[in-house]
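The values are calculated or read from the model by the stated rules, or taken from the named source; none is laboratory data. All figures in this text were calculated on a predicted structure; none of them were measured in a lab. Positions of Cβ are generated from backbone atoms using ideal geometry, with glycine treated the same way; all protein chains shown enter the neighbour counts. Each accessible area value is taken on the protein alone, full model and side chains, heavy atoms only, with ligands, DNA and RNA left out. Shrake-Rupley method; radii C 1.70, N 1.55, O 1.52, S 1.80 Å.
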Amino acid sequence: MTRTLALHVVQDRRAGGSLAAERIAAAVAQRPDLVLGVATGSTPEPVWSALVERALDLSRVRAFALDEYLDIAADHPERYAAVVEREITRPLGLDPRLVRTPGDDGRDEGAPQRYERAIAEAGGVDLQVLGIGRNGHIAFNEPGSAADSRTRIARLSEETRRDNARFFRSLDEVPRSCITQGVGTILEARSIILLAFGPSKAAAITAALEGPVTANVPASALQRHPDVTVVVDESAASALRQCRPSAAAERA
Ligand code: PGA
């Protein structure tokens, strides 16, 4: 299989957001009912604001979020269903009936399979927007998550809980369990845009792109995906030694 990994080193988060928004806009122009994989967290924020600036008609876009906290109050503002509504659905003018978050139709044992089925029934994700954790996670696939893992109930690592504590009043309030798309689920998206900004992401980006493909760095499985665009700023790219900016790296 021929794989293409395009690396774009941009000046700042805003430029990264514009680049990703341009890709999304092009995809929506091709297919107004695009199936978009959306991510929460700080990293994709400039993507959503750049998309808002474009004032596109996104009312037919179908969206699937990557993950959701489980042990969190239904009305908690940091529940990802609420975050997606506030930061993505409303500002972008998506139709709320076409936006799904894992667990929004129940949080029982069958919820992960129902979510997988919903994605499959939509025809699969066309374009996935993705961040990366400092520990190399994608969605809540923490180190140890297999490349063929599916949507499931999982536990957050303590590192991730500490990283996400900034969204909560205290570390104690940060949820411990979640429903997350699996690495294998994410890899089924037809195209992926992986974004990372800031020096705290440099080690994870380097391990993901240049290290061995290993469950210890779940994002390294992206090396096996046929269409990944990586958008990083200088500091997130600072430890890369093999990948070169904007070079489409063809690998057999
Ligand atoms: P962040 O999280 O964008 O808030 O840094 C990224 C991630 O954990 O995937």
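Scanning segment 101-120 for residues that are closer than 15 Å to LEU36 by Cα and either free of Cβ contacts under 8 Å to residues at least 24 places away in the same chain or outside any loop (DSSP other than H, G, I, E, B) (or both) yields TYR115, GLU116, ALA118, ILE119, ALA120.
Specify which of the listed residues (ASP126, ASP148) is more than 10 Å from the ligand (Cβ to nearest atom), acidic (Asp, Glu), open to solvent by less than 30 Å² (accessible area, probe 1.4 Å) and farther than 14 Å from GLY41 by Cβ.
Details: ASP148 fails: open to solvent by less than 30 Å² (accessible area, probe 1.4 Å).
Residue meeting the stated conditions: ASP126.
Restricting attention to segment 235-248, report how many residues are in contact with a strand residue (DSSP E or B) (Cβ under 6 Å, 6 or more places away or on another chain) and at pLDDT 90 or above. Residues that pass the stated criteria total 2. Taking segment 138-163 as the range and being outside any strand (DSSP E or B) and in contact with a strand residue (DSSP E or B) (Cβ under 9 Å, 6 or more places away or on another chain) as the test, the residues that pass are ALA139, PHE140, GLU142, SER145, SER149, THR151, LEU156.
Does ILE132 meet the test of being in a loop (DSSP other than H, G, I, E, B), within 22 Å of THR43 (Cβ to Cβ), of a type in the set (A, V, I, L, M) and within 16 Å of the ligand (Cβ to nearest atom)?
Details: in a loop (DSSP other than H, G, I, E, B): yes; within 22 Å of THR43 (Cβ to Cβ): yes; of a type in the set (A, V, I, L, M): yes; within 16 Å of the ligand (Cβ to nearest atom): yes.
Judged against the criteria, ILE132 is a match.
Consider segment 58-72 and keep the residues that are open to solvent by 30 Å² or more (accessible area, probe 1.4 Å) and in contact with a Ser or Thr (Cβ under 6 Å, 6 or more places away or on another chain). The one that is farthest from ALA20 (Cα to Cα) is ASP71.
All of (1) over 22 Å from ASN141 (Cα atoms); (2) hydrophobic (A, V, I, L, M, F, W, C); (3) within 15 Å of the ligand (Cβ to nearest atom) hold for ALA74 with one exception: (3).
Is segment 36-57 home to any residue that is closer than 28 Å to GLN113 by Cβ and surrounded by fewer than 16 Cβ atoms within 10 Å (Cβ to Cβ)? Steps first, please.
Taking segment 36-57 and keeping what is closer than 28 Å to GLN113 by Cβ, we get 36-41, 44.
With the extra rule that they be surrounded by fewer than 16 Cβ atoms within 10 Å (Cβ to Cβ), the set shrinks to none.
Checked segment 36-57: no residue is closer than 28 Å to GLN113 by Cβ and surrounded by fewer than 16 Cβ atoms within 10 Å (Cβ to Cβ).
Give me the residue from segment 16-35 that is among the aliphatic types (A, V, I, L, M) and free of Cβ contacts under 8 Å to residues at least 40 places away in the same chain and, out of that set, most open to solvent (accessible area, probe 1.4 Å).
Result: ALA29.
Table: residues versus (1) among the aromatic types (Phe, Trp, Tyr); (2) open to solvent by 40 Å² or more (accessible area, probe 1.4 Å).
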position: ILE153; (1), (2): no, yes
position: PHE168; (1), (2): yes, no
position: ARG176; (1), (2): no, yes
position: GLY184; (1), (2): no, no
position: LEU195; (1), (2): no, no
position: ALA219; (1), (2): no, no
position: VAL228; (1), (2): no, no
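Any residue that is over 19 Å from THR43 (Cα atoms), touching a residue at least 24 places away in the same chain (Cβ under 8 Å) and among the aliphatic types (A, V, I, L, M) - is there at least one of those in segment 155-174? No, every residue in segment 155-174 fails to be over 19 Å from THR43 (Cα atoms), touching a residue at least 24 places away in the same chain (Cβ under 8 Å) and among the aliphatic types (A, V, I, L, M).
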